[in-house]
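Read the figures in this text as sums done on the coordinates, not as results from a lab. Given the structure is predicted, the values throughout are model-derived calculations rather than measurements. All Cβ positions, glycine included, derive from the backbone under ideal geometry; neighbour counts span all protein chains shown.
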Amino acid sequence: MPTRTEFLPAAHDDDNSDTFGTDTARSAIGRFRSPLTRMLLGSDGLTTTLLESWAGTPMRVGDVALRVVRPELAPRGVVALLGTEGEVLVRHSTLTDARGRVWSWNRVVAGTGGDPALRRCLTDASVPLGPALRAAGARLGRTVVRAGVTPWPPEPPAEEQAEESRAAAFRTYRLWCGDDVLAAVHEVFNPAHVPADLGETS
């Protein structure tokens with residue numbers, strides 16, 4: 001059973017991400033030059049609300065894809081974060097502002113059981129996940145397990161057009177509902193809006 005602490009050491013490298021070796025998530029977040037980026041990555045608040053405050057506009061869900069997979073086909077390391085052995089639901093989505101600009105790419109992985117009301121939130125493609133869960137009465141908390149930089153865009157463009165890869169800030173965390181792990185969440189933030197510049201190491 002996962003234990004709940006404020007921050008955990010960075011786990012093994014996955015998703016082509018740079019977790020800065022054995023640094024903790026806290027020290028990895030501290031390397032970002034932008035105080036707004038550090039606040040976003042380290043916050044326990046809703047990502048949607050933070051991005052809306054940053055952008056000055058409501059956020060909408062875009063490009064939602066849902067699938068149920070066997071544990072061995074789940075993203076690497078996720079099953080350990082969830083503490084589950086069965087099939088998992090994988091949700092990919094983006095958050096876009098009122099002008100259609102993408103601010104984040106998100107992957108949420110959760111067990112297929114649990115509270116039906118919360119499961120409906122996980123599979124609802126019409127609203128951002130965090131606000132939907134909060135509206136359903138979930139008491140949410142986050143434990144950041146990894147943070148750093150990773151390529152943007154996280155996935156190749158749908159069309160075969162070249163797009164130069166840029167470094168983007170990311171965080172991976174356990175999403176708690178009360179004392180239970182609800183999901184493992186991986187968020188990558190568009191460097192066009194969320195600075196990913198790192199300071200020098202000491």
The rounded separation in angstrom of the Cα centers of segment 70-124 and segment 130-145 is 13 Å
Distribution output for segment 24-114: share of Cα-Cα pairs per 10 Å bin in percent, first bin at 0, values 15, 33, 36, 15, 0
Rounded to the nearest 0.05, FRET efficiency between Val69 and Ser27 (Cβ-Cβ, R0 35 Å) equals 0.60
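Expressed in nm to one decimal, what extension gain is obtained for the pair Ser126 and Thr57 from 0.36 nm per residue of sequence separation less their Cα-Cα distance?
Values: separation 69, 0.36 × 69 = 24.84 nm, distance 1.72 nm.
My answer for the length gained is 23.1 nm.
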Expected sort for 58-66, 106-114 on mean C-beta neighbours within 10 Å, highest first, is 106-114, 58-66
In segment 44-91, taking the dipole from +1 charges on Lys and Arg beta carbons and -1 charges on Asp and Glu beta carbons about the Cα centre, the listed residue (Ala80, Val68, Leu51) farthest towards the positive end is Val68
For the pair Met39 and Arg99, the simple spin-label estimate (label points 7 Å beyond Cα toward Cβ) gives in nm 2.1 nm
